[in-house]
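Student: Just dropping this structure here.
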Amino acid sequence: MEPTIYSADTHPIRNRQISKNSMTVIQRLNRAGFNAYLVGGGVRDLLLGLAPKDFDIVTDAHPNEIRKLFRNSRIIGRRFRLVHVLFGREVVEVATFRSNEVDDRSKHYQTNQEGFVTRDNIYGDIDEDAMRRDFTINALFYDVRDQTIIDYCGGLADMKKRQLRLIGNPTERFLEDPVRILRAIRFEAKLGFQIDSALLAPIAEHRQLLENVSPARMYDEVLKLFLTGHGEASYGRLMAHQLFEILFPLTYKALAQQDFPAQHLLRQSLHNSDLRAKEGLSSSPYFVYGSLLWEPFITRFNTLTAQGVKYRQASEQAIDEVFKIQHQITVIPRYVREFIEELWILQFRLEAKVIHHPEKLMTNPRFKAAYDFLLLRAEAGESESVIARANYWKGQFSVYEATLLADEQQRNREERREVKQALKNVVNGQDDSTNANDGSQKKRPSRRRSKKSKTDHHPGENKVNLKPIESKSTTGNDRAEGEVKKKRKRRPRKRSKSKNNSQESDS
């Protein structure tokens, strides 16, 4: 198959737009004699003027060969063997060209009874790999060596038409991987592309295949739909293609009982999450899942309390029933469920008519999330009582927030004062220690004595320094000079006996 090659002057992508670590991986593979390209969403987003979340690399090197070139890498996956090259927190994903000629008898290519591919590790060439990809806009290869785009499936033309077209037979491709249905919905919502008319009927026909997908994988796909800046649009497209009822059957049923109101908590929550994503902020999975499952929970809770079940028992039973059914479709991690349970239980405390110590409740670590959740319910117009309680807590929280701000400012002032005092003490301490050292050096007696001082006494005399009597007119310098220049006393000479005898005879 001959591709269409677009030179650098026909498209806007340049090497400087690619992350440094991705360029390092591609260039090292090319220097080692392999062919490596950028592919997938990174190329697509750069062509559309968007900031890619990451860059995927594809090469003709096998996983073990890639692993030998990069010590900071690891091989992952059973269904598709990939190599993750680690650069600190950044992970560059490298895949090997996959073959389009599959052999069901091969141990490297396996499917289950429904036709879902459970293993696909048969390697091929670049043209075969292009035909194995899902949509034409994701089958564009970018070569950093000459900055050209290699197009085997007409993806660049579809991108200009803003059309979403599947590669291959839709039935076969959906049987291989039903998640491609959700990917089509996500690209439609994210990019604003129109799904090919030839794809609409197969989506409706095979949408039930989503029930066979691993619940753990579905959890991640739902987060991609609702937490990447286009959650509200994704919800609308899921409803339009009758897919939301498969992903969240209890929520769909609860909304259907309300005749699908135009404004409700889930839509309001997704709208706010989209605004946060545009501002570069993230939203918590537990908050979005809490919004998705709130309607079936509160509906079941009201039913149980109407039957005479106590509030606490009714809330626990409603939570268990909702999560038990939802876990069969999208698994929810334990820590996410615990957050959601606390979020829901705090709603009842916030809606209490009599609250004796609101400031104590506001010290709860989950209060802020529960408070934001209550405000969303009020904005969605859930009920008059919810709106009233939301207004009450707005006033309480504004006072509490002002108090916290004043306390924080006071703490900051005290900390600055303590730091200044500590610096002052350090400086003063250094001065005192310097003065103390100087004083001790002055008072310390000299251990060395001059040679003259050693000869000031006779060998048999006691070593006692007798200071001469000083006159009042003598100055300190004169005294010191006199002591230094003091002459040494001479011993009298002994006369011989002969001379003494002569003297005595003369006398």
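The values are calculated or read from the model by the stated rules, or taken from the named source; none is laboratory data. As the structure is a prediction and not an experimental result, all values here were calculated from the model. FYI the Cβ positions are ideal-geometry reconstructions off the backbone, even for glycines, and counts take in every protein chain you see. In case anyone asks, the SASA skips ligands and DNA or RNA and just uses the protein heavy atoms, side chains included. Shrake-Rupley method; radii C 1.70, N 1.55, O 1.52, S 1.80 Å.
Student: Under 7 Å by Cβ, and 6 or more places apart or on different chains, what pairs join a residue from region 379-407 that is in contact (Cβ under 8 Å) with a residue 24 or more places away in the chain with one that is among the small types (Gly, Ala, Ser) and open to solvent by less than 70 Å² (accessible area, probe 1.4 Å)?
Tutor: 386/378
Student: Quick one: in region 215-245, which of the residues that are in a helix (DSSP H, G or I) and over 31 Å from the mean Cα position of the chain (by Cα) is surrounded by the fewest Cβ atoms within 10 Å (Cβ to Cβ)?
Tutor: 240
Student: Among the residues that make up region 330-350, is at least one of them of a type outside the set (A, V, I, L, M), in contact (Cβ under 8 Å) with a residue 60 or more places away in the chain and open to solvent by less than 90 Å² (accessible area, probe 1.4 Å)?
Tutor: Looking through region 330-350, at least one residue is of a type outside the set (A, V, I, L, M), in contact (Cβ under 8 Å) with a residue 60 or more places away in the chain and open to solvent by less than 90 Å² (accessible area, probe 1.4 Å).
Student: In addition: How many residues does region 80-135 contain that are small (Gly, Ala, Ser) and at pLDDT 90 or above?
Tutor: Within region 80-135, residues that are small (Gly, Ala, Ser) and at pLDDT 90 or above number 3.
Student: Would you point out the residue of region 43-77, among those that are in contact (Cβ under 8 Å) with a residue 12 or more places away in the chain and of a type in the set (Lys, Arg), that is least open to solvent (accessible area, probe 1.4 Å)?
Tutor: Among those that are in contact (Cβ under 8 Å) with a residue 12 or more places away in the chain and of a type in the set (Lys, Arg), it is 44.
Student: Which residues, counting only those in region 134-171, are more than 20 Å from residue 58 (Cα to Cα), in contact (Cβ under 8 Å) with a residue 12 or more places away in the chain and charged (D, E, K, R)?
Tutor: 158, 162, 165
Student: I would also like to ask the following. Identify all residues within region 136-146 that are open to solvent by less than 10 Å² (accessible area, probe 1.4 Å) and touching a strand residue (DSSP E or B) at 6+ places or on another chain (Cβ under 6 Å); write none if there are none.
Tutor: Matches in region 136-146: 140, 141, 142.
Student: Let me ask something additional. Could you tell me how many of the residues in region 153-182 are open to solvent by 30 Å² or more (accessible area, probe 1.4 Å), under 30 Å from residue 214 (Cβ atoms) and assigned to a loop (DSSP other than H, G, I, E, B)?
Tutor: Counting residues in region 153-182 that are open to solvent by 30 Å² or more (accessible area, probe 1.4 Å), under 30 Å from residue 214 (Cβ atoms) and assigned to a loop (DSSP other than H, G, I, E, B) gives 3.
Student: State all residues of region 357-371 that are within 14 Å of residue 344 (Cα to Cα) and touching a residue at least 40 places away in the same chain (Cβ under 8 Å); if no residue qualifies, say none.
Tutor: Selection gives 369 alone.
Student: Being of a type outside the set (Phe, Trp, Tyr), open to solvent by 20 Å² or more (accessible area, probe 1.4 Å), outside any helix (DSSP H, G or I) and touching a Gly at 6+ places or on another chain (Cβ under 8 Å): is that true of residue 263 here?
Tutor: Yes, satisfied.
Student: Given the conditions (1) closer than 30 Å to residue 160 by Cα; (2) surrounded by fewer than 16 Cβ atoms within 10 Å (Cβ to Cβ), and given that residue 40 satisfies all but one, which numbered condition is not satisfied?
Tutor: Only one criterion in (1) closer than 30 Å to residue 160 by Cα; (2) surrounded by fewer than 16 Cβ atoms within 10 Å (Cβ to Cβ) is unmet by residue 40, namely (2).
Student: Could you run through region 1-22 and say how many residues are of a type in the set (A, V, I, L, M) and under 20 Å from residue 95 (Cα atoms)?
Tutor: Qualifying residue count, region 1-22: 1.
Student: Among the residues of region 134-188, count how many are more than 23 Å from residue 17 (Cβ to Cβ) and of a type in the set (Phe, Trp, Tyr).
Tutor: The total comes to 1.
Student: Restricting attention to region 367-376, does a residue exist that is among the hydroxyl-bearing types (Ser, Thr, Tyr) and farther than 30 Å from residue 220 by Cα?
Tutor: Checking region 367-376: not a single residue is among the hydroxyl-bearing types (Ser, Thr, Tyr) and farther than 30 Å from residue 220 by Cα.
Student: Does residue 149 satisfy being open to solvent by less than 20 Å² (accessible area, probe 1.4 Å), of a type outside the set (S, T, N, Q) and in a helix (DSSP H, G or I)?
Tutor: Judged against the criteria, residue 149 is not a match.
Student: Let me ask you something else. Which one of the conditions (1) open to solvent by less than 10 Å² (accessible area, probe 1.4 Å); (2) modelled with pLDDT under 95 does residue 248 fail to meet, given that it meets all the rest?
Tutor: Tallying (1) open to solvent by less than 10 Å² (accessible area, probe 1.4 Å); (2) modelled with pLDDT under 95, residue 248 fails exactly one: (2).
Here is a yes/no grid of residues against (1) among the polar types (S, T, N, Q); (2) at pLDDT below 95; (3) part of a loop (DSSP other than H, G, I, E, B):
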| position | (1), (2), (3) |
| --- | --- |
| 322 | no, no, no |
| 330 | yes, yes, yes |
| 359 | no, yes, no |
| 395 | no, yes, no |
| 399 | no, yes, no |
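Student: Do you know which residues across region 78-102 are under 22 Å from residue 130 (Cα atoms), out of contact with any Asp or Glu (no Cβ under 8 Å at 6 or more places or on another chain) and loosely packed, with under 14 Cβ neighbours inside 10 Å?
Tutor: 78
Student: Quick one: how many residues across region 278-301 are open to solvent by 40 Å² or more (accessible area, probe 1.4 Å) and either acidic (Asp, Glu) or farther than 17 Å from residue 323 by Cα (or both)?
Tutor: Residues meeting the conditions: 6.
Student: Can residue 143 be described as charged (D, E, K, R) and modelled with pLDDT of 95 or more?
Tutor: Against the criterion (charged (D, E, K, R) and modelled with pLDDT of 95 or more), residue 143 qualifies.
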